[in-house]
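Visitor: Could you have a look at this structure, given as structure tokens, before my questions?
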Amino acid sequence: MPSCHSTNDIALQILKKPDTREGVVIITDDQTAGRGQRGNGWVSAPQSNLTLSVVLKPTFLQAADQFFLNIIVSLAVRKMISAYTEESDVKVKWPNDVLLNQKKVAGILIENTLQRSSIQWSVIGMGVNINQQNLDLSKATSLFKETRDTHELPILFEQLIVFLENYYLKLKSGKKEELKSEYLQHLFGFQQFRKYRTEYLFDGKIIDVDHTGRLILETVKGEISFDFKEIEFIY
Ligand code: BTN
């Protein structure tokens, strides 16, 4: 689509049609009212970046295991970015931001609909900063800003979809432990002492993510687990 308000909103509309099948992709060159996590917006310069949503139907996944969708999507985006950079510079910041040289290069917004204890539909929204030259936020970056190379968006789009499909099929075939260990391997701060903020500042080391997606840190007070919104990273 040349322009649209939010690809996630369009995908959520499409789900209401009875003949919708999984695999539908909504992609736009100019997203005018992108939505982010925590009720934030997602701003993306026109014709510069990837802004898309993929519709999946992971009915094989229990609602309690929905964090595995965050795992596969962040791994797919990370893999696509790392094909154009030094592999070690690309990290996943829990729960599902992708960092390039410690700055956010991609954001992911997953919106699931549930049917009893299973997931019915999942809208996977991805915003990846590719050719944008100037970004308003100091903690944000683009592939161009870090490498000074511009890229053909359709090629990157295709690679991203292939990686996402591969990870999705891996999840569908039950390889959860393998996926989780790959996620931990690329997780920013994993097994490193860093500063974090909850109601107070503390030093902690990420040692795991539980199956519901809670982040587990080792601290002087012992192991503490956090939900999204309960903890902030201090770089
Ligand atoms: C975040 O806050 O980090 C998540 C940002 C997600 C942005 C993407 S862009 C494509 C899709 N459509 C939206 O409205 N949001 C997501």
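The values are calculated or read from the model by the stated rules, or taken from the named source; none is laboratory data. The model shown is predicted, which means the values in this text are computed figures rather than measured ones. Virtual Cβ from ideal backbone geometry, glycine too; neighbours counted across all protein chains shown. For accessibility, only protein heavy atoms count, side chains too; no ligands or nucleic acids. Shrake-Rupley method; radii C 1.70, N 1.55, O 1.52, S 1.80 Å.
Visitor: For the chain, what does the accessible surface come to per residue with a 1.4 Å probe? Please give it in Å². Please report the intermediate quantities before stating the final value.
Guide: Values: 11650 Å² over 235 residues.
Value returned for the chain: 50 Å² of accessible area per residue.
Visitor: Return P(r) of the chain (all Cα-Cα pairs; 10 Å bins starting at 0; whole %; ordered from short to long distances).
Guide: Using 10 Å bins, I get a P(r) of 7, 32, 37, 20, 3, 0 for the chain.
Visitor: Here's something else I'd like to know. Give me the distance in nm between label points sitting 7 Å out from Cα along the Cα-to-Cβ direction at D29 and E232, one decimal.
Guide: Computed distance between label sites D29 and E232 equals 3.9 nm.
Visitor: Past 29 Å, Cα to Cα: identify those pairs from K17/K175; K17/K103; K91/K229, in the order given.
Guide: Values: K17/K175 32 Å; K17/K103 38 Å; K91/K229 20 Å.
Over 29 Å apart, Cα to Cα: K17/K175; K17/K103.
Visitor: Determine the gain in length on full extension of the stretch K195-K175; use 0.36 nm per residue of separation and subtract their C-alpha separation, reporting nm with one decimal.
Guide: Stretched out fully, the K195 to K175 stretch lengthens by 4.0 nm.
Visitor: With label points built 7 Å along Cα→Cβ from the Cα atoms of K17 and L114, find their separation and express it in nm.
Guide: Here the modelled spin labels are 2.8 nm apart.
Visitor: Cα centroid distance between the range 150-198 and the range 1-63, in Å?
Guide: That distance is 19 Å.
Visitor: For the range 193-234, count the residues as N, evaluate 2.2 N^0.38 Å, and divide the Cα radius of gyration by that value, please.
Guide: Working: Rg = 9.4 Å, N = 42, 2.2 N^0.38 = 9.1 Å.
Computed over Cα atoms of the range 193-234, the ratio equals 1.03.
Visitor: Which pairs break 18 Å Cα to Cα here: K79/K104; K16/K170; K57/K170; K104/K172? Can you show the working numbers first?
Guide: Numbers: K79/K104 15 Å; K16/K170 28 Å; K57/K170 15 Å; K104/K172 29 Å.
Table pairs above 18 Å Cα-Cα are K16/K170; K104/K172.
Visitor: Compute the convex hull volume of the Cα atoms of the range 95-196, divide it by the residue count, and report the result per residue in Å³ as a whole number. Kindly include the intermediate steps, with their values, before the conclusion.
Guide: Details: hull volume 15.4 nm³, N = 102.
In the range 95-196, the Cα convex hull volume per residue is 151 Å³.
Visitor: What are the chymotrypsin sites (Phe, Trp or Tyr not before Pro) within the range 12-95 that DSSP puts in a loop, where the Cβ has at most 14 other Cβ atoms within 10 Å?
Guide: Values: sites: W42, F60, F67, F68, Y84; in loops: F60, Y84.
Listed in order of number, the matching sites are F60.
Visitor: Quick one: plug the Kirkwood hydrodynamic radius of the range 1-89 (C-alpha pairs) into Stokes-Einstein at 4 °C, 1.567 mPa s, and report D in µm²/s.
Guide: Details: Rh = 14.9 Å.
Approximately 87 µm²/s, per Stokes-Einstein.
Visitor: Output the direction-averaged projected area (hull surface divided by four) of the convex hull of the alpha-carbon atoms of the range 20-147, in nm².
Guide: Numbers: hull surface 32.4 nm².
Orientation-averaged projected area of the Cα hull: 8.1 nm².
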